[in-house]
1. Regarding LYS85, is this residue loosely packed, with under 11 Cβ neighbours inside 10 Å, outside any helix (DSSP H, G or I) and free of Cβ contacts under 8 Å to residues at least 60 places away in the same chain?
2. Quick check: anything in the range 196-210 among the acidic types (Asp, Glu), buried (at least 17 other Cβ atoms within 10 Å of the Cβ) and not in a helix (DSSP H, G or I)?
3. Being more than 30 Å from LYS49 (Cβ to Cβ) and surrounded by 13 or more Cβ atoms within 10 Å (Cβ to Cβ) is the filter here, so list the residues in the range 100-128 that pass it.
4. Limited to the range 137-154, what total is found for residues that are closer than 17 Å to GLN36 by Cβ and loosely packed, with under 14 Cβ neighbours inside 10 Å?
5. Sort out which residues of the range 25-69 are surrounded by fewer than 16 Cβ atoms within 10 Å (Cβ to Cβ), in contact (Cβ under 8 Å) with a residue 24 or more places away in the chain and either among the basic types (Lys, Arg) or not assigned by TED's automatic domain parsing to the domain that holds THR147 (or both), and write them in order of number.
6. Please identify the pairs in which a residue from the range 189-200 that is modelled with pLDDT of 80 or more has its Cβ atom under 6 Å from the Cβ atom of a residue that is of a type in the set (Gly, Ala, Ser) and not in a loop (DSSP other than H, G, I, E, B), counting only partners at least 6 apart or on another chain.
7. In contact with a helix residue (DSSP H, G or I) (Cβ under 9 Å, 6 or more places away or on another chain) and modelled with pLDDT of 90 or more, is that true of LYS167?
8. Would you check which residues across the range 107-139 are more than 26 Å from the chain's Cα centre (by Cα) and among the acidic types (Asp, Glu) and list them?
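The values are calculated or read from the model by the stated rules, or taken from the named source; none is laboratory data. Please read all numbers here as calculations on a predicted model, not as lab measurements. Cβ placement follows ideal geometry from the backbone for every residue including glycine, while neighbour counts extend to all protein chains displayed.
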Amino acid sequence: MGPTLSSLVELQAVEQKLRTTLNKLNKGKKAILRQQHLINQFTETLQAKREEIKQTKMHYDRLDLDLKTREEEVAKLRISLNSAKTNKEYSAVLTQINTTKADTSKLEDQMLALMSQLESDQAECTELEGKIAQCNENLEKLQAKLTENQDDIQSEVDVYKKGYDEKLKAVPAKYQDMFERLAERYEGEVIAEVTHSGGKRSEQSCCGCYMTVPLEVVNSLMGSNDVILTCPSCGRILAMR
């Protein structure tokens, strides 16, 4: 392995440590964002459910007023019934009473259904409030943990960044952009070792994508010259131990 490839391998080692440390920091921040997103979702659902409850109560109050009106009407009709002077008049008033009572019964059924809906919605609100409280508790713990560890993690990041910059300077300029582009594409896995594929004796494969590496590429890598070659399939920089 020539000096250029060796410098790339060393750069990858530092880059992977830096990436791992940054992931620790980002993992904590993402966990906080997820909790905040859940809180927002539950809060929006709770607000919508409370609005539904408000509308249901208004509907219930309208029905209750209508029910009282009909009950008063029935009371008045009973007085009229007692004062009826003919059978025809008595029968007409009785029909009105029965019709009004039937309407009243329908109103009562509607009101019972609304009461059941209110109980269900209020129970859902209580459940949502519990979820929001739990998420807020989780959020506080995550924020405290991140605050506690952030300085130490940031110190590690600073050390690895400094090491990365030093190793990058040792890499020829024409390969620096290539390395950084591949590192971004493959999450730091820039260098891929060439190994026996397990098939024919002469076949070798890239450990990055497991595709066969052409024999001429393998022969060039085995030579003593400091050559930088990439996998024809995935584009990673190839190395042989």
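1. Details: loosely packed, with under 11 Cβ neighbours inside 10 Å: yes; outside any helix (DSSP H, G or I): yes; free of Cβ contacts under 8 Å to residues at least 60 places away in the same chain: yes.
Yes; evaluated as a whole, the condition is true for this residue.
2. Pass one, the range 196-210, residues among the acidic types (Asp, Glu): 203.
From what is left, the residues that are buried (at least 17 other Cβ atoms within 10 Å of the Cβ) are none.
No.
3. Answer for the range 100-128, where residues must be more than 30 Å from LYS49 (Cβ to Cβ) and surrounded by 13 or more Cβ atoms within 10 Å (Cβ to Cβ): THR100, LYS101, ASP103, THR104.
4. 6
5. Scanning the range 25-69 gives LYS29, ARG50, LYS57.
6. Close Cβ pairs (under 6 Å, with a partner that is of a type in the set (Gly, Ala, Ser) and not in a loop (DSSP other than H, G, I, E, B)) amount to VAL190/ALA183; ILE191/ALA239; GLU193/ALA239.
7. Yes: the conditions hold for LYS167.
8. Going through the range 107-139, the residues more than 26 Å from the chain's Cα centre (by Cα) turn out to be 107-120, 122.
GLU108, ASP109, GLU119 - these are the residues of the range 107-139 that are more than 26 Å from the chain's Cα centre (by Cα) and among the acidic types (Asp, Glu).
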